[in-house]
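Here's the structure we're looking at; comments come further down.
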């Protein structure tokens, strides 16, 4: 016990003074109790690379409002609440240089995590974390990253442009054409051997950012006159946030995000990612 205590003290006292950060915790539809993004788990995952500054926990949680995600009003309401909380608690403080570095911990539906990433953008220094399933926790796996991503391009230019992001699980083209019709141009960014705990290291997330940026640019080059990209995601929480951060309003097409809803029997439109607060 003495040795373990000394190891902990050594880890904490060796942290450079400039490694402080503010922490965003975001969860949606979680009831009125404490955020599932536990504060102690966040601190443990950050050490020894970073540490939360005093009063540095920023909660953007949206409580359970009693509206199911099958209700059309669910998405615009949650999007508006997230924007309002971000504006109030984060954006102004960044503009006033009160926040220099963010660590982001999110557990929410993918469309809302993508919107959170758009709000943060890649202008701010932000370190996005992934909740691993095995072993359970927010600490990155120290082993080298093994995720492989494969890009698919459509053979034709259809009336609508779609992007499948099947990293946590496979998405068949038929699930896209069921929404957009058979004339859709379907792009894809897929993980080899996709499963729900595949993104486990910082290098995995860095690879994701690079490949997402490349495919968004390729879609713009080929479909520059399209109104938007219809995005069908099955991705880890950190990948959803980084998709929003990588997307650039002046360089990429607007995105319409879809979410699989069991009650409604398939993918349904949720919210749009466009250039606005």
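Values quoted throughout were computed directly from the atomic coordinates according to the rules given, and no laboratory measurement underlies them. The model shown is predicted, which means the values in this text are computed figures rather than measured ones. Neighbour counts run over all protein chains shown; Cβ positions are idealised from the backbone, glycine included.
Of note:
- Under 12 Å from the residue 248 label point (7 Å along Cα→beta-carbon), backbone N, the stretch 190-229: 213-214, 216-218
- Highest-fluctuation residue, 104, 241, 263 considered, GNM on the chain with Cα pairs under 10 Å: 263
- Between helix 74-86 and the chain: long-axis angle, C-alpha atoms, 0 to 90°, nearest 10: 40
- Using every pair of separate Cα atoms, the Kirkwood estimate puts the hydrodynamic radius of the stretch 149-273 at 14.6 angstrom.
- Degrees, to the nearest 10: 110-120 long Cα axis against longest axis of the chain: 60
- 11 Å reach of a label modelled at residue 218, 7 Å along Cα-to-Cβ, counting backbone N of the stretch 169-196: 187-190
- Using a simple spin-label model with pseudo-atoms 7 Å out from Cα toward Cβ, residue 159 and residue 196 lie 3.6 nm apart.
- Shown is the FRET efficiency for residue 55 and residue 227, computed with R0 = 51 Å from the Cβ-Cβ distance and rounded to the nearest 0.05: 0.70.
- Cβ-to-Cβ counts within 10 Å put 164, 136, 220 in ascending order as 136, 220, 164, the fewest first.
- Fraction of beta bridges assigned by DSSP in the stretch 149-273 that are antiparallel (%, nearest 5): 40
- Rounded to 5, percent antiparallel among DSSP beta bridges of the chain: 30
- Modelled this way, with points 7 Å down the Cα-to-C-beta line, the labels at residue 274 and residue 209 are 2.8 nm from one another.
- GNM flexibility winner over the chain from 260, 22, 230 (Cα, springs under 10 Å): 260
- On full extension, the segment bounded by residue 182 and residue 41 gains 46.2 nm, given 0.36 nm per residue less the C-alpha separation.
- Between 168, 124, 238, the Gaussian network model of the chain with springs among Cα atoms under 10 angstrom shows the greatest mean-square fluctuation at 124.
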